[in-house]
Structure formats: structure tokens, C-alpha cells
1. Could you list, ordered by first residue, the pairs with Cβ atoms under 7 Å in which the first is in region 37-61 and of a type in the set (Gly, Ala, Ser) and the second is exposed (fewer than 12 other Cβ atoms within 10 Å of the Cβ) and modelled with pLDDT of 95 or more, at least 6 apart or interchain?
2. Of all residues in region 57-71, how many are open to solvent by 60 Å² or more (accessible area, probe 1.4 Å), on the phi < 0 side of the Ramachandran plot and in contact with a strand residue (DSSP E or B) (Cβ under 8 Å, 6 or more places away or on another chain)?
3. Every residue in region 131-160 that is closer than 15 Å to LYS119 by Cβ and of a type in the set (Val, Ile, Thr), please.
4. Output the residues belonging to region 135-151 that are modelled with pLDDT under 95 and in a loop (DSSP other than H, G, I, E, B).
Amino acid sequence: MRFERALCALVLVGLVGGCTSDPAEPAPATSGPPPSAPAWTEPAAYTFTLVRGCDDTAPEGRYQATVKDGVVTTATRAGGAASPAPSSEADLGPVTGEEGEEIDVPALGQLLEMAETAKDDGAEVATEYDLTDGHPVKVTINVMEEVDGLECWTVTDYQP
């Protein structure tokens, strides 16, 4: 009986002692999900490179863009003409000498709106953000109803 009381007292002291902490001591590190990105507000002016395509080794296009007040003011194709895969039906437009148009490069706010609209329409959407300032760094949209329904957009060289 004496041993049980001593054990209970020891457990009680341990529990009470474990519940107190010195506010000057830092909290112990915990493992968990990575920190989330801060909320991003589209700046009045910025530049970025947009890579279109899900295959990093053979993107469908790379565009350098300048944005002012949420609108792309200039967009130029970087790295020359892209070569579509033999099975691709991508219309690369005048870059390859064919008739057609290049894509309209979206501003980053427009890219996020496009992803939200696709999500609202039932597509699978994944968006990755920069952990420093919260700007989007990758948007993947999978429109499951279409055979080639996967679209990927990667943002690099972002400069506000």
C-alpha cells in the first residue's frame, strides 16, 4: 500500500510538473506540415516567366511577361520555337510558321482566377505558392472529361 501511494504521488508530481513551463524557454520544435505561404496580393507592376506544359524537359512554351495593373503589357516567347510532340495537336501558331495564334499569357492574378473557375467547373486543381511572399509558382489543372485535359503552368523569375 505504501508503494502504491508513493507511486501515485510521483505520478501526480510528474503530471503537475510537466504542465508548468518557463515562459522564457522556447517551445520545443515539432514536426508537422510545412509552413503555409502568406497571402499574396498582386502588385501594381511585376515581371515573370511562365512555362506552359507538364513535361519539364519539353515544355510547350516559355514566355517572359511584364504586368501592369493586373494586365500583361508585354509577353514574348523565350527560347525559340517549341517542338510539339508528334502526337500533340498543340497549335503553336506563327512561331512554327503555321497559321494560328500564340497563347494569351495571363497575369498571375488571371492565372489564379482561371484555376478557380476550372475548379468551380469540376476540374482537379493544384496550386503551389512561394513560401516567402505567397505568389503562385505552379498551377496544375486537370479537366478530367478531356483526353488531354492536363494543363500545367510554372512561374519562375518573378520580380515585383
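The values are calculated or read from the model by the stated rules, or taken from the named source; none is laboratory data. A quick note: this is a predicted structure, and the numbers were derived from the prediction, not measured. Cβ placement follows ideal geometry from the backbone for every residue including glycine, while neighbour counts extend to all protein chains displayed. Areas reflect the complete protein model, heavy atoms only, side chains present, ligands, DNA and RNA absent. Shrake-Rupley method; radii C 1.70, N 1.55, O 1.52, S 1.80 Å.
1. Here the result reads ALA44/ASP69, each pair linking region 37-61 to a residue that is exposed (fewer than 12 other Cβ atoms within 10 Å of the Cβ) and modelled with pLDDT of 95 or more.
2. 4
3. VAL139, THR140, ILE141, VAL143
4. Scanning region 135-151 gives VAL143, MET144, GLU145, GLU146, VAL147, ASP148, GLY149.
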